[in-house]
Amino acid sequence: MHGAFLSYLVVGIVIGCLYALTASGLVVTYTTSGIFNFAHGAIGMFMAFTYWQLAVGWHVPVPIALLLTLFVLAPLMGALVERIFIRPLYGASLGVTLVVTLGLLLLLLGVANAVWSPTVTRNLPPILMGHQVTIFGVVVSFYQLMVLVVSVAVAVVLRVLFTRTRVGITMRAVVDDRELTAMAGTSPHRTAQLSWALGASMAALAGILIAPLEHLDQLNLTLLVVTGYAAAVVGRLRSVPLTVLGAMLLGLLNSYAVGYLPSNWLSDLQPVLPMAVLFIMLLVMRPGRLAAGRVTGRITARIPSAQQSLLASALFVAAAVVASRLLSPSNLITAGAGLVIGLIALSLVLLTGFSGQVSLCQMTFAGAGAFVMGKTFGGSSIFGLVLAVIVPAAVGGLLAAAVLRLRGLYLALATLAFAYAADSLFFNHFLGFGGILKVGRVRIGLPTTQRGYFVLIAVVFAAVAAGLMALRRGPVGRLLAAMNDSEVACASVGLNITWVKILVFTLSAGIAGLGGAFYGGWQHEVGPNDFYFLFSLILLLLITIAGIDTVTGAFAAAIFYALQPQIARWVPIVSINYILVGVGAAMLGRNTGGVIGQMSAQREWLRARLGRGPTTEPLAVLDDGRDVAGALS
Amino acid sequence: MPAPSAEVMTASAGPGRAPVVEMFDVHAGYGKVAVLRGVNLTVPRGSVFALLGPNGAGKSTLLKVAGGRLVPTSGCVHVAGRHVNGTPPETFARAGVCSIPDQGVFPNLTVAENIRVFTHAGGVSASAAEERAFSRFPRLAERRRQLAGTLSGGERQMLAMARAFVNDPAVLLLDEISMGLAPMIVAQLYEVVGGLADEGITVVLVEQFAQAALRVATYAAIMKQGRIERVGEPGDIRDELAGAYLGGHQ
């Protein structure tokens, strides 16, 4: 018993070290560039595969392959990523930075899938595997010792770099004030590039060290960073020592959970432990101060008038009726699947587009909707549909009330944790791995044939879209727009944004639930994989690319989704859809309005040219308070 | 036009006795807002040049252009006789143009770390830089390990000004150093500015608090609506100030 306890201790410490490496890399990038890199794990994954390619695929000697990966290729990749995707982002809103790094995650995942087929099993060459020593009666492998030594060495190097060297101090200075760094004689771009190179190197190190524990897997390695998020939040995303502490705790918790949790439903808890820690940390954290003096000055898309949106809705339904007659049965299936995804995407238009809150768990709400629909009133009742809206809405409201003090990045992380936990604890548990739940089509006197149901979904989509536009035109919409622009300004004129946030979150979850119920009905059945948390990210990316502040954007996302099988047929590359969405999202730093936003900007420009209306081009995009003063004095 | 390198731009190595900063018909602004509308300006070597004028006249914007922090939309900016439009601000800094915005410090770095970052422009060692800074502002030595964000406004301004001593600049661009500070501290800071001028450093300062600025200035200019209205000796300018601020006619 005693020996087992110590063995689990050793395993826990080693896992903790690996978490610590991942998490501190994340913290380093965040503290030195101000951008939370969701793609940190993906970079590590990509580099682990690159290392495999060198050492195993091309038989480069292991030491050379290691050095080449860690000190040449990884820094190069980090610097390139900074130059191409991150540099246009400085001064952008948090939502955009989030979508860009998530897009990068998806892009790297897609490219890795395309280059290294996921169906082949790959193993990294063992480093120091097989040798072992016995310390206090516990067997410790050389690999475990090496992980420990490397982690301590990295921690010491980082500490010295950031407190003792000029270049390290400057990296921290850049986050404080980019312009001032330039005035002190250092290029902030170069410095940020250096930070990303360092971050990529650390990601590569973590990836290569973690990989030998299992065989190489694109998704697993990418998502390991999720545990890193939890550890980083313990360090409030800024402190490396606290992050290491958090990582150690998580490692030990994980190890002892594996060792001692009884193997009943409690053992389901083990994979979600990091998420639970993340969630609890976010709940007990003191909320940050409202950031003042930030005018991001983004112009949202034009709001159509009541007549315009009603006309558009009617035309949309008419088009859907025609389409349902013209499309072949198989095309109708994909078109309908796209449309229900568009319906779920509408929930993000409200939440993220109108009110600026980022949620990474909309598919979870959709899943809850499908679940409720399938389980209640025989699976096809209108009452079931009502419940499919109410239950997710209530869950969303409760979640909002719990995490609402959190803003921006922390809110995104909390919803991610929620989605992840819901996957493991709820969907997998109640639907079972590979299990299915039959979901019926709602019966309201209409035929439930493919065509009839397709038209019904189109009607619901049009109604929700018109409703959102009506909301956007009214006082609530103005409040949301104001909140999106500046929370501190809202607070200072006495608007209670707390209730508005809960309301919006609730409503948005309800719309997602509605979409989920129709999703289930369209497919006849749902399984746990339908609501995998990664799909929530993809949905957010899709609609942000299309244009998140318009219902047209949701429709465009629906079209892309429906076209996916077709694109995969045209372009015979594995994960081409991941790559496309990833590229689209990662390039958003250059055009934050998305495709629709771009078209709308061009239309406005044209209108201004023709003298038909006022231009809505921002007068001045000011990035901080001082510039506002500068422009006026 | 290729950006001039730090070597050719170095103010002290410029051709002859060219004025430190010159502007010819400079226009600049933010997005669609035009702020500078044709500024012509010559700042002679070794002068203390005060830019005065009402809010919105473009004083701070002019300073930004002179420090390379804002690229003009048209016109020429010369530093030490060289055309420098579009040169990045870090090159200006390395060439001896020292921009000090109001309380320009890094709040999450300690005082010592701030000074360390300042040494990028010069070739000064960390200990030498601290010695120079602390000899002028002994108060900072007491706060050496404190985060700059937790300093008082006056101390923060001292730390920002310390950069001028660390790097031996040729030109100092000071933006509203008196903003929000007690008169006693303002007087202290201006004493330091006077000392710097005595060492031969050219100083361009923007100031709302005109009397303090005119006491140390050798030249002064009144700006109004994006143009230089009048340049002259402090004595001449003093009489016209009231009119400029109140918008009256002389």
Note to self: In whole percent, and with a 1.4 Å probe on the protein chains, what portion of the accessible area of region A:63-165 is carbon and sulfur?
What the structure shows: 74 percent
Margin query: Show me you know the interface measure: the accessible area buried between A and B, both chains summed, probe 1.4 Å, in Å² to the nearest 100.
Written below: 2800 Å²
Item checked: MRE, 222 nm, helices only [DSSP H, n ≥ 4, -39500 (n - 2.57), over chain A, to nearest 500] -> -22500 deg cm²/dmol
Item checked: Efficiency of FRET from Cβ geometry, B:Ser152 and B:Glu240, R₀ 56 Å, rounded to 0.05 -> 0.95
Check: Under 5 Å between amide H atoms, partner at least 5 residues away or on a different chain: which partners does B:Lys224 have, H built in plane at 1.01 Å?
Finding: B:Glu229
Next item on the list: Counting only heavy atoms of the protein chains, get the accessible area per residue of the protein assembly as shown (1.4 Å probe) and round it to a whole Å² value.
Entry: 41 Å²
Check: When only alpha-carbon atoms count, how far does region A:49-100 stretch along each of its three principal axes, as whole angstroms with the largest first?
Finding: 45, 16, 12
Notebook entry, point to check: What is the extension gain from A:Val133 to A:Leu311, computed as 0.36 nm multiplied by their sequence separation minus the C-alpha to C-alpha distance, in nm to one decimal?
Noted result: 56.4 nm
Next item on the list: Place the peptides A:335-348, B:62-75 in order of packing, highest mean first, counting for every residue the other Cβ atoms within 10 Å and averaging per peptide.
Entry: A:335-348, B:62-75
Next item on the list: List the residues whose amide H sits under 5 Å from the amide H of B:Val35, counting only those 5 or more places along or on another chain, with H placed 1.01 Å from N in the peptide plane.
Entry: B:Ala28, B:Gly29, B:Tyr30
Checklist line | Test item: B:156-163 mean partner chain Cβ contacts at 10 Å | finding: 1
Notebook entry, point to check: Within 10 Å of each Cβ of B:167-175, how many other protein chain Cβ atoms are there on average?
Noted result: 1
Notebook entry, point to check: Two-decimal Rg/Rh of chain B from alpha-carbon positions, Kirkwood Rh?
Noted result: 0.96
Margin query: How big is the dipole moment of region A:2-284 about its Cα centre under a simple scheme where the beta carbon of each Lys and Arg is +1, that of each Asp and Glu is -1, and everything else is neutral? Debye, nearest 20, please.
Written below: 580 debye
Next item on the list: Just tell me how shielded B:94-106 is by partners: mean number of partner chain Cβ atoms within 10 Å of each residue's Cβ, no decimals.
Entry: 4
Check: Taking K and R as +1 and D and E as -1, what net charge do the other residues with C-beta under 15 Å from the C-beta of A:Trp52 add up to?
Finding: -1
Check: Once the Cβ-Cβ distance between A:Arg166 and A:Phe5 is put in as r, and R0 is 51 Å, what FRET efficiency do you end up with, to the nearest 0.05?
Finding: 0.65
Notebook entry, point to check: How many percent of the accessible area of region A:298-608 is carbon or sulfur, using a 1.4 Å probe?
Noted result: 70 percent
Checklist line | Sulfur and carbon atoms: percent of accessible area, region B:69-190 [1.4 Å] | finding: 51 percent
Next item on the list: Round to the nearest 10 and give me the degree value, 0 to 90, for the angle of helix A:306-326's Cα axis relative to the longest principal axis of chain A.
Entry: 80 degrees
Note to self: Placing +1 on the Cβ of each Lys and Arg and -1 on the Cβ of each Asp and Glu in chain B, which of B:Ala57, B:Tyr219, B:Tyr190 has its Cα farthest towards the positive end of the resulting dipole?
What the structure shows: B:Ala57
Checklist line | Rounded to the nearest 20 debye, dipole of chain A from Cβ charges on Lys, Arg, Asp, Glu | finding: 1060 debye
Next item on the list: Could you order peptides A:85-97, B:97-109, B:224-236 by the average number of other Cβ atoms within 10 Å of their residues, highest first?
Entry: B:97-109, A:85-97, B:224-236
Checklist line | Over chain A, relative contact order from alpha-carbon pairs under 8 Å, at least 6 apart, % | finding: 23 percent
Next item on the list: Compute the distance in nm between two label points, each set 7 Å from the Cα along the Cα-to-Cβ direction, one at A:Val321 and one at B:Gln188.
Entry: 8.1 nm
Next item on the list: Might you report the magnitude of the Cβ-based charge dipole of chain B about its Cα centre, with Lys and Arg at +1 and Asp and Glu at -1, to the nearest 20 debye?
Entry: 440 debye
Checklist line | For chain A, diffusion coefficient by Stokes-Einstein and Kirkwood Rh (Cα), 25 °C, 0.890 mPa s, µm²/s | finding: 95 µm²/s
Notebook entry, point to check: Going 7 Å from the Cα of A:Glu214 in the Cα-to-Cβ direction, what parts of region A:220-247 have a backbone nitrogen less than 19 Å from that spot?
Noted result: A:220-231
Note to self: I'd like the residues of region B:65-91 whose 1.4 Å-probe accessible area shrinks by no less than 20 Å² going from the isolated chain to the full set of protein chains.
What the structure shows: B:Arg69, B:Pro89, B:Glu90
Note to self: So, R0 is 22 Å and r is the distance between the beta-carbons of B:Asn40 and A:Arg83; what FRET efficiency does that work out to, to 0.05?
What the structure shows: 0.05
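The values are calculated or read from the model by the stated rules, or taken from the named source; none is laboratory data. Predicted, not measured: the structure shown is a model, and the values here were computed from it. Neighbour counts run over all protein chains shown; Cβ positions are idealised from the backbone, glycine included. Each accessible area value is taken on the protein alone, full model and side chains, heavy atoms only, with ligands, DNA and RNA left out. Shrake-Rupley method; radii C 1.70, N 1.55, O 1.52, S 1.80 Å.
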